[in-house]
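S.K.: One structure, as structure tokens, below. Some questions next.
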Amino acid sequence: MVDLLPARPAPGLSARVRLGRIRSSRATAPLAVGAVALLFTGALSWVPSPWYDEAATISAATRTLPQLFAMLQNVDAVHGAYYLLMRGWFSLVGYSPFTLRLPSTVATALTAVLLVVLVRRLATPRVALVTGLVFVMLPRVTWMATEGRSYAITALLAVALTLVFHVAWGWSGRDRAQLTLIWAAYGALAALAGAAFIYLALLVVAHGVTAVILTRAGVGPRPGRSLAGWFLASAGTGVVLASLAVDEARQSHQVDWIRPLSARTFRDVFQGQWFLGNDGFAALAWLLIAMGAVVLVVGVVRRHGPGHWHRHRHGLPVARAGVLAAVILPWMLLPSVALLLESAVSTPLFSPRYVTFAAPAAAALMAVALTAVRSRWITALAMAALLALTVPSWVHQRSPEAKQNSAWGEVAAQLASVRATEPAGQTDAVVYGPLRRHPDADMAMLALAYPTQFSGLVDLKLGQPAAQRGQLWEGRIPLAESHERLGDAPAVWLVTSDKRDWRPSVAAQLASWGYHLDGEWTFSGTNLVRYARN
């Protein structure tokens, strides 16, 4: 049985020494896990080529504020807060694949730090430490740290919000103003979380389930008042987010790509959510999750009997199995269940990566199972097995074509290599063809991802620029109408999908203007072609 009570200090030590050790251990473990997370998840994060979603971040976050706000009226309101954050970040450090992903890496490390702090409050230092290390090894976590999107930040906000919830629930001070201030902080953080990603509102609902459970069990100095505090804070959050939710609902066509529930959904849930393509890791992880749930349930029934929850003599609930279960299980389960139900009865909304913010809860439940045995050797061996299973995912996620088989970096390098052999000052033109899997965009996003390599090229099909039209991507004109823009360019480049292949039609049009095929290179999903003037 896992020991969920805090360890007692060794006898014979002075109060000062004991306090110093407690402070040291409380600081050391979270910071150590955070350092491991920063190094392990951040290593080689710059290697993979950017892909469609990250190009959207680059497009939005490199605009002026008026241009960004105009775009959010038409598209991607759900990501508005993240785009504002990234715009500020790019204004400080500039854009590169490394700076694009660094905020996610840092957010992952901070999430690990706060997760250790949270689980230490709910359980023991050992469970907290193992939770942090397991979290760092989850394939979904090693992925989100290398993704120039908001997923790592949603996980950070989820842990921070749960920590504030737990502090507010256990507050034993007599000053009502202080307690009101803590619940107000919870509401403000919940509003920020919802603005960052509206699905985080489901975590607030999960906290409501936790609040009801703790109230019925009589856990907390003043459970009834705490329940009221959560209700008022969450109601305020709902009011604040209402207009944003309406705007995002108006743009719901953006999730038309999410497929209805099918046989594949089972794989999405049991492997895609937190274990991302790693069957071996997923099998062991779900075994540990099931074991952890059993440990918590047995802990509630055996230790205290149904309905009885232990209290500290000062009124604060001791971090026992029931409290841990009440916090972790709704957090892990409710978001996925709610999205699956909505997808079943109405609009498909469930995507495995959208519930990344529940990964910390899954890690905590796995840690409960891993620490259920007294032998530290068994725990260490099980964690070594998890590490061995996650290494293939880690390596793949840091390969050049890891992101949807994107070979953009290789394409850009080849184009830059050939252009380096051209006479200084030569101005070439470029035709951006279709982008594989994304009919609403084209290969022009390679120029967003690798601006240096594509600088100086004349975009023959460019219509209205994206920032002017208030959209993520540029407007386009037919190639036949771009002859005047071509001028006397010595060469024309074509970047096109290997599926919707424009090579025949572009070659025919350019031939009529006096160009012939001069070079051709094939990459994963992409063809790069150079045409030279006759």
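S.K.: Please list 373-380, 112-119, 248-255 highest first by mean number of surrounding beta-carbon atoms within 10 Å per residue.
M.R.: Those peptides, ordered most packed to least, come out 112-119, 248-255, 373-380.
S.K.: Turning to a different aspect of this structure: Need the C-alpha centroid separation for region 434-456 versus region 319-395, integer Å.
M.R.: A separation of 36 Å, based on Cα centres.
S.K.: Kindly write out, for region 209-221 in residue order, the coupling ³J(HN,Hα) from the Karplus curve 6.51 cos²θ - 1.76 cosθ + 1.60 (θ = phi - 60°), rounded to whole Hz, with x marking Gly and Pro.
M.R.: These are the phi-based 3J(HN,Hα) values: 4, 4, 4, 5, 4, 5, 5, 5, 8, x, 8, x, x Hz.
S.K.: Still on this structure: Once both labels are modelled 7 Å past Cα along the beta-carbon direction, what's the Leu381-Ala532 spacing in nm?
M.R.: Result for the modelled spin labels: 6.6 nm.
S.K.: Counting only helical runs of four or more DSSP H residues, what would the 222 nm mean residue ellipticity of the chain come to if each run contributes -39,500 (n - 2.57) and the total is spread over all its residues?
M.R.: -19500 deg cm²/dmol
S.K.: While we're looking at this one, here's another question. Taking the simple approach of a point 7 Å from Cα along Cα-to-Cβ for both Thr522 and Arg225, what is their distance in nm?
M.R.: Those two pseudo-labels are separated by 7.3 nm.
S.K.: Can I ask one more? Under a 5 Å amide H to amide H cut-off, with H placed in plane at 1.01 Å, what residues pair with Thr526 once short-range neighbours are removed?
M.R.: Here Asp498 satisfy the definition.
S.K.: From the phi angles alone, apply the Karplus equation (6.51, -1.76, 1.60; θ = phi - 60°) to region 79-96 and give each ³J(HN,Hα) in whole Hz, x where the residue is Gly or Pro.
M.R.: Each residue's phi maps through the Karplus curve to give 10, x, 5, 5, 4, 5, 4, 5, 5, x, 5, 5, 5, 8, 10, x, 9, 7 Hz.
S.K.: Please work out how much length the chain gains when fully extended from Ala32 to Ala185, using 0.36 nm per residue of separation minus the C-alpha to C-alpha distance, in nm with one decimal.
M.R.: Here the answer is 52.3 nm.
S.K.: Let me ask something else about it. Which length gain, in nm to one decimal place, applies between Thr421 and Ala242 when the Cα-Cα distance is subtracted from 0.36 nm times their residue separation?
M.R.: 58.8 nm
S.K.: Here is a further query. Excluding Ser150 itself, what net charge comes from residues whose Cβ is under 15 Å from its Cβ, given Lys and Arg +1 and Asp and Glu -1?
M.R.: Taking every other residue near Ser150 into account, the sum is 0.
S.K.: By how many degrees, 0 to 90 and rounded to 10, does the Cα axis of helix 125-137 deviate from the longest principal axis of the chain?
M.R.: 10 degrees
S.K.: Taking 0.36 nm per intervening residue step and subtracting the Cα-Cα distance, what contour gain separates Ser455 from Arg469 on full extension?
M.R.: 2.8 nm
S.K.: I want the local charge near Trp521. Using Cβ-Cβ distances under 11 Å, sum +1 for each Lys or Arg and -1 for each Asp or Glu among the other residues.
M.R.: -1
S.K.: Of the beta bridges DSSP finds with both residues in the chain, what % are antiparallel, to the nearest 5?
M.R.: Bridges in the chain are about 75 percent antiparallel.
S.K.: 7 Å from Cα along Cα→Cβ at both Asp440 and Leu85: what's the point-to-point distance in nm?
M.R.: It works out to 2.2 nm between the two label points.
S.K.: Apply the Karplus parameterisation 6.51 cos²θ - 1.76 cosθ + 1.60, with θ equal to phi minus 60°, to every residue of region 449-464 and state each ³J(HN,Hα) to the nearest whole Hz, in sequence, with x for glycine and proline.
M.R.: Karplus-based 3J(HN,Hα) across region 449-464 equals 6, 10, x, 5, 5, 9, 5, x, 7, 8, 7, 5, 9, 5, x, 7 Hz.
S.K.: OK, next. Efficiency by 1/(1 + (r/R0)^6): what FRET value for Arg500 and Gln67, r their Cβ-Cβ distance, R0 = 22 Å, to the nearest 0.05?
M.R.: 0.15
S.K.: For every other residue with a beta carbon closer than 13 angstrom to the beta carbon of Phe275, add +1 if it is Lys or Arg and -1 if Asp or Glu, then tell me the sum.
M.R.: Net charge in that neighbourhood comes out at +1.
S.K.: Roll a 1.4 angstrom probe over the protein heavy atoms and tell me the percent of accessible area of the chain that is carbon or sulfur.
M.R.: The C+S portion of the solvent-accessible surface of the chain is 64 percent.
The values are calculated or read from the model by the stated rules, or taken from the named source; none is laboratory data. In this text, all values refer to a predicted model and were calculated from it rather than measured experimentally. Cβ atoms come from the backbone with ideal geometry, glycine included; neighbour counts cover every protein chain shown. Areas reflect the complete protein model, heavy atoms only, side chains present, ligands, DNA and RNA absent. Shrake-Rupley method; radii C 1.70, N 1.55, O 1.52, S 1.80 Å.
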